[in-house]
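Data first, discussion second: the structure below is written as structure tokens.
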Amino acid sequence: MKIFGFPLCTIAALALGAVAFLGATPGFAQSAPKGDAAVASSPKVTTQQHGDWLLECYDPAVNGMSCQIKQRVVHKESGQNILLMTLTYSQKEKSDMVQYVLPLDFLLAPGVGVNIGDFQAVARVNRCMAQGCVIEGKTEETFIKAMKAAKDQGRFVMMSRAGKKVGINFSATGFTKAYNEMRAQNSK
């Protein structure tokens, strides 16, 4: 059986590499302190679903950010998370900031292809940890424009250790509305 044109065993291997993947990944937010202090100091989180994108806003702001948008991609057969995309606007950096968490067990040297319509880029992995491999930092305005213009989906493409391309599709549905709301909230 093939998923997105790739053998199920390849997708399953990526999913298995991320068993604990994203269980409690807070995107750009920091973890709250433990115990009674967590109840007293945890920010209030409000969420709004915009298509396949979730807008999360924090009160008070976390790390100077009020809101972020994110999307999780889950393997249909195993139920495992295979991708978490998080995006926010940083007033301090005056830039959109992204964090992608991808499964483990792919070659890092070739980078990760990001394809959305005519937009193509290669992203470099910043670090890998138990939850997966992380790409984070400022993003290009052309990425945002491509996401807003996308009719359906984009795709991350990685090289497996066996030398085969493996892709993970993500949805653009609801991105523009979620993004615009996040920018409005973070620009206040």
ask   = Here are some pairs, Lys76/Lys148; Lys92/Lys151; Lys44/Lys145; Lys70/Lys151; Lys92/Lys165; which of them have Cα atoms lying more than 29 Å apart in this structure?
value = Lys92/Lys151; Lys44/Lys145; Lys92/Lys165
task = Which order do the peptides 84-91, 159-166 take when ranked by the mean count of other beta-carbon atoms within 10 Å per residue, highest first?
result = 84-91, 159-166
remark   = Expressed in nanometres to one decimal, the distance between label points 7 Å along Cα→Cβ at Thr46 and Lys145 is 3.3 nm
query = Using θ = phi - 60° and the Karplus curve 6.51 cos²θ - 1.76 cosθ + 1.60, what whole-Hz ³J(HN,Hα) does each residue of the range 98-104 get, with Gly and Pro shown as x?
reply = 10, 9, 10, 10, 10, x, 6
task = Over the Cα atoms of the range 81-131, compute the convex hull volume and normalise it per residue, giving Å³.
result = 116 Å³
Hydrodynamic radius by Kirkwood, which averages 1/r over all alpha carbon pairs of the range 89-188, in angstrom = 14.6 Å
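At 0.36 nm per residue, minus the direct Cα-Cα distance, what do Ser95 and Ser187 gain on full extension? Give it in nm, one decimal, please.
32.0 nm
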query = What is the set of long-range amide H partners of Gln153 at a cut-off below 5 Å, with H atoms built 1.01 Å from backbone N?
reply = Ala172
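Bear in mind that the values in this text are calculations on the coordinates, not laboratory data. Predicted model, so just to flag it, every value in this text is computed and none were measured. Neighbour counts run over all protein chains shown; Cβ positions are idealised from the backbone, glycine included.
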